[in-house]
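Structure record follows, encoded as structure tokens.
The values are calculated or read from the model by the stated rules, or taken from the named source; none is laboratory data. The structure presented is a predicted model; accordingly, all values stated were derived computationally and were not measured. All Cβ positions, glycine included, derive from the backbone under ideal geometry; neighbour counts span all protein chains shown. When the accessible area is computed, the model is the full protein with side chains, heavy atoms only, and any ligands, DNA or RNA have been set aside. Shrake-Rupley method; radii C 1.70, N 1.55, O 1.52, S 1.80 Å.
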Amino acid sequence: MRKSNTQAIVFVGLFTALTVIGTYIKIPLPTGAFVHLGNAVLLLAVLFLGYVKGSLAGGMGFAIFDVLNGFASEAPYFILESFIVGAVAYALFAFFRKNPSKLWQVLVIAAGTGVAKIIMTQIKNTVIQLFLGLDFSPAFALALSRLPATLINVTLTAIIVAIVYFPLKKAMDRILGQTI
């Protein structure tokens with residue numbers, strides 16, 4: 001039992017650090033937003049660690065990144081978003097009996113997770129504009145105009161996870177003798 005708890009803590013820490021690093025690997029866009037690899041790490045964390053540990057690792061990674069880069073006010077939101085997006089990812093993962101064996105299954109999980117991320121981003125950006133005084137229609141439209149970065153991020157996430165999921169699963173199964 002103790003080894004299992006220690007192992008879980010180590011893997012949550014590892015995926016937290018990987019989320020921070022993945023978010024630092026970014027491509028700036030003309031809008032001021034950026035495309036990064038953190039979302040791919042969050043999805044992989046949920047697939048390998050489970051819903052709670054994976055979402056926690058991703059959320060903490062995003063929060064640490066935000067605090068270190070002047071976005072501390074957004075850190076609580078990204079923790080919440082990690083748990084919501086992680087729930088969708090884990091539900092799709094569970095649909096495939098927690099053992100996707102085909103590439104298309106991993107892509108379905110990634111696509112569903114991407115839709116959740118897009119919805120959460122649209123809601124967040126709309127609410128921000130409402131707080132800034134816009135009426136709903138212009139707030140929603142302005143939020144839509146900021147979605148291209150998220151669309152690129154979710155596409156990149158699907159590609160990365162599709163490429164690395166099976167090799168990482170094989171390596172983790174070999175090292176641990178099981179999935180966490």
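Largest accessible area first, the residues Phe136, Phe78 order themselves as Phe136, Phe78 under a 1.4 Å probe with ligands, DNA and RNA left out. Solvent-free Debye calculation, one equal scatterer per alpha-carbon of the chain: log10 I(q)/I(0) at 0.10, 0.14, 0.16 Å⁻¹ equals -0.39, -0.74, -0.95. The peptide list 57-67, 84-94, put in order of mean Cβ contacts within 10 Å with the highest first, becomes 57-67, 84-94. Between Val115, Val46, Ile64, the Cα set farthest toward the positive side of the dipole of the stretch 1-140 (charges on each charged residue's Cβ, about the Cα centre) is that of Val46.
Counting Lys and Arg as +1 and Asp and Glu as -1 over every other residue whose Cβ lies under 13 Å from the Cβ of Asn99, the net charge comes to +4.
Between Leu142 and Gln7, what FRET efficiency comes out of the Förster formula 1/(1 + (r/R0)^6) with R0 = 35 Å and r the beta carbon distance, rounded to 0.05?
Calculated value: 0.15.
Placing +1 on each Lys and Arg Cβ and -1 on each Asp and Glu Cβ, with no other charges, gives the stretch 80-180 a dipole about its Cα centre of roughly 460 debye. Springs between Cα atoms under 10 Å define the GNM used for the chain, and in it the highest mean-square fluctuation of Ile160, Ile118, Ile27 occurs at Ile27. When the solvent-accessible area of the stretch 63-179 is split by element, carbon and sulfur atoms take up 72 percent of it, the probe being 1.4 Å.
Computed with a 1.4 Å probe on the full set of protein chains, the accessible area for Leu68 sits at about 110 Å².
Using only side-chain charges placed at the Cβ, +1 for Lys and Arg and -1 for Asp and Glu, the dipole size of the stretch 45-137 relative to its Cα centre rounds to 520 debye. The smallest convex shape that holds all Cα atoms of the stretch 1-57, its convex hull, gives 63 Å³ per residue.
For the chain, relative contact order (Cα pairs under 8 Å, six or more residues apart, normalised by length) works out to 21 percent.
When the C-alpha to C-alpha distance is required to be over 21 Å, the pairs from Lys26/Lys169; Lys117/Lys170; Lys26/Lys170; Lys102/Lys170 that qualify are Lys26/Lys169; Lys117/Lys170; Lys26/Lys170. Taking a point 7 Å from the Cα of Gln122 along the Cα-to-Cβ direction, the residues of the stretch 59-94 with backbone N closer than 16 Å to it are 85.
Dipole magnitude for the chain: computed about the Cα centre from +1 point charges on Lys and Arg Cβ and -1 point charges on Asp and Glu Cβ, it is near 760 debye. Each peptide among 30-37, 167-174 gets the average number of other Cβ atoms lying within 10 Å of its residues, and from highest to lowest they stand as 30-37, 167-174. Report the Stokes-Einstein translational diffusion coefficient (µm² s⁻¹, integer) for the stretch 103-180, Rh taken as the Kirkwood radius over Cα pairs, at 37 °C with viscosity 0.692 mPa s. Approximately 227 µm²/s, per Stokes-Einstein. Helices in the chain that qualify as membrane-span-like (whole DSSP H runs, Cα extent of at least 24 Å along the helix axis, mean Kyte-Doolittle hydropathy of 0.0 or higher) are 2-24, 51-68, 75-95, 103-131, 148-176. Using a probe of 1.4 angstrom and keeping all protein chains present, the accessible surface of the stretch 36-150 works out to 47 square angstrom per residue.
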